[in-house]
Amino acid sequence: MYGESDIKLKIKWLKGNGDLFQRTQRRLTLQYSGLIMLFLVLFIVVVYTLLYMVILRDQHRELEQLTRQETRIISDYLAESARNELQGLESQELVLAGVDQFFYYVTDANGNLVMGSETMPHMQGELFNLVAGWVPKQNEIREETLQVTFDERRIGGREIDEGPKSDTVRLLIDGSPIFYKNQFVGMIYIGKDISFAYQLFQWLLVVLVGLTVLFAGVAVLISYMMSKKAMGPISTAFNRQKEFVGDASHELRTPLSVMLSSIDAIEMTDGVEEDPFAQKLLRNMKSEVKRMTGLVSDLLVLARADSGGVERTLEQVNMQAEAANVVESLVPHAEANGVSLQLKAPDVLFVTGDRARLKQLMYILLDNAVKYSPDGGSASLQLSESGRYWTMKVADEGIGIHPDDQPRIFDRFFRSDKSRTRSVGGHGLGLSIAKWIVDIHQGTISVQSGPGKGSTFIVNIPKEKAVSS
Ligand code: ADP
């Protein structure tokens, strides 16, 4: 029956509508820190990628050099010993060792293993399989990951129990043909252990992630300070404006009350009493001055609320008695508009709160219910309690509020349909004050309404909660 926005609005109020400046500052802090973090993450990604590429390229270069060097050693050895084939070449005759060289294998022209060596002899079969028959293309270097087992790890004939039994080894493998007098005699394959480089990358990643987390905290701190600085002048200006509104409203009240009493006096003056035209003018003046007085006093309440300068008294209030009082005082106004009023409340309902403000809250909501009801309509004020909360429902069968407008009706000076609502008086501040009163009682206010379907304002307030500033 009601618009979807009722729920959203309710959630919004339930979450608490914090101070605008605090919210803006929070948003700014988030945006600033988001931006700083973005640059930080970008920086770290670039540094990591560059390091990764540089270190890997370095390893490639070292392996190529090693392969070139060892190919030359074999070629030179063949030339020296005038051998035109690799078959029968003994490992002992040649020592081919390089830094981090995990294995090297020399094969003859048919691909048979002639000599070789590896750091883990028990894995020879597996390692040789990696390169057997492989003819590398120009500058081709392969990268392989191997699961190695340490079952051969022994010290002085004793097996070592501690430490992992298997590990992942990263290998870079290069191969090069060997020529004797321009004749292809075989291949040499070299595997280089680059696991340490990957360990380095892992450590680097851990360090960089750690730094990112650390800097995230610093970024939030810096952003918070920056946003605070940015908000400073704005909140100063706003505070000045609030003071101005407060002062101006205060100053306007006196001349307005003087005007009102003067109009009363003129009305009773001889000659004026009998002049219908003068009476009409005075009536209009009076109603405008009253409207203005209402506006000024609303402005004053809000200005004081903004600056936290409204005195609040906390006491035990019998809401039933206060509600009866409000309804009674509104009956003449309601009757004049052809609206009937109803009060539904338990015999006594004691709550803790600010009596004057709670009365004002009921007055605002019930006055609106009358204002926005057609002739012959009815409005009700209902009080109830449940658990830790007490509830006030003000319902009418009036014009209702469009779902699009519902989230904005608590905004200052917001009026749904200006042309229509002007005729019923008011200036769009009533619900802002109502919302403020509910807020200081740490309660929630929501509306259920639809165009032509009437409106129900629901207020929930803790029974025992102290009034907040
Ligand atoms: P106003 O002085 O204009 O009544 P309020 O702040 O009290 O100011 O209300 C804001 C707007 O919300 C009103 O202008 C009206 O459009 C809408 N409104 C408030 N209460 C009701 C209601 N009971 N029925 C229909 N519309 C309402």
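Which one of these is part of a helix (DSSP H, G or I), of a type outside the set (A, V, I, L, M), modelled with pLDDT under 85 and surrounded by 12 or more Cβ atoms within 10 Å (Cβ to Cβ): TYR32, TYR77? After ruling out the rest, the residue left standing is TYR77.
PHE410 passes every criterion in (1) touching a Gly at 6+ places or on another chain (Cβ under 8 Å); (2) within 8 Å of the ligand (Cβ to nearest atom); (3) not aliphatic (A, V, I, L, M) apart from (1). Restricting the first member to the range 270-284 and to residues that are under 16 Å from LEU260 (Cα atoms), and the second to residues that are at pLDDT below 85 and part of a loop (DSSP other than H, G, I, E, B), the beta-carbon pairs closer than 6 Å and six or more apart or on different chains are ALA278/VAL272. Please go through the range 131-166 and give me each residue that is at pLDDT 85 or above, out of contact with any Leu (no Cβ under 9 Å at 6 or more places or on another chain), surrounded by 10 or more Cβ atoms within 10 Å (Cβ to Cβ) and assigned to a loop (DSSP other than H, G, I, E, B), ordered by number. Correct list: TRP134, PRO136, GLU140.
Scanning the range 376-404 for residues that are more than 7 Å from the ligand (Cβ to nearest atom), in a loop (DSSP other than H, G, I, E, B) and of a type outside the set (Lys, Arg), which turns out nearest to GLY338 (Cα to Cα)? By that ranking, first place goes to GLY376. Of all the criteria given as (1) part of a loop (DSSP other than H, G, I, E, B); (2) modelled with pLDDT of 95 or more, the one not satisfied by PHE457 is (1).
Taking the residues in the range 424-446 that are in contact with a helix residue (DSSP H, G or I) (Cβ under 6 Å, 6 or more places away or on another chain) and of a type in the set (A, V, I, L, M, F, W, C) as candidates, determine which candidate is surrounded by the fewest Cβ atoms within 10 Å (Cβ to Cβ). The selected residue is VAL424. Could you tell me whether SER262 is touching a Leu at 6+ places or on another chain (Cβ under 8 Å) and at negative phi? In short, no. Exactly one residue out of ARG304, ARG291 is assigned to a helix (DSSP H, G or I) and either free of Cβ contacts under 8 Å to residues at least 60 places away in the same chain or surrounded by 16 or more Cβ atoms within 10 Å (Cβ to Cβ) (or both): that is ARG304.
Comparison of PHE238, PHE244 shows that the only residue that is in a helix (DSSP H, G or I), under 30 Å from LEU35 (Cα atoms) and modelled with pLDDT under 90 is PHE238. Applying the criterion of being of a type outside the set (Gly, Ala, Ser) and surrounded by 11 or more Cβ atoms within 10 Å (Cβ to Cβ) to the residues of the range 270-283, the residue that is nearest to ARG412 (Cα to Cα) is ARG283.
Scan ARG355, ARG408, ARG388 and give me the residue that is closer than 21 Å to HIS427 by Cβ and not small (Gly, Ala, Ser). Testing whether each residue is closer than 21 Å to HIS427 by Cβ and not small (Gly, Ala, Ser) leaves just ARG408. On the basis of being within 16 Å of the ligand (Cβ to nearest atom), crowded, with 16+ Cβ neighbours inside 10 Å and of a type in the set (A, V, I, L, M), does VAL351 make the cut? In short, no. Just so you know, in the range 391-409 the residues that are buried (at least 22 other Cβ atoms within 10 Å of the Cβ) and either aromatic (Phe, Trp, Tyr) or touching a Phe, Trp or Tyr at 6+ places or on another chain (Cβ under 7 Å) (or both) include one that is nearest to SER329 (Cα to Cα), and it is VAL394. For LEU365, are the conditions met, namely being buried (at least 18 other Cβ atoms within 10 Å of the Cβ), within 11 Å of the ligand (Cβ to nearest atom), closer than 18 Å to HIS333 by Cβ and at pLDDT 95 or above? Against the criterion (buried (at least 18 other Cβ atoms within 10 Å of the Cβ), within 11 Å of the ligand (Cβ to nearest atom), closer than 18 Å to HIS333 by Cβ and at pLDDT 95 or above), LEU365 qualifies.
The values are calculated or read from the model by the stated rules, or taken from the named source; none is laboratory data. Since the structure is predicted, the reported quantities are computational estimates derived from the model, not experimental observations. Note: ideal-geometry Cβ built from the backbone for every residue, glycine included; neighbour counts use all protein chains shown.
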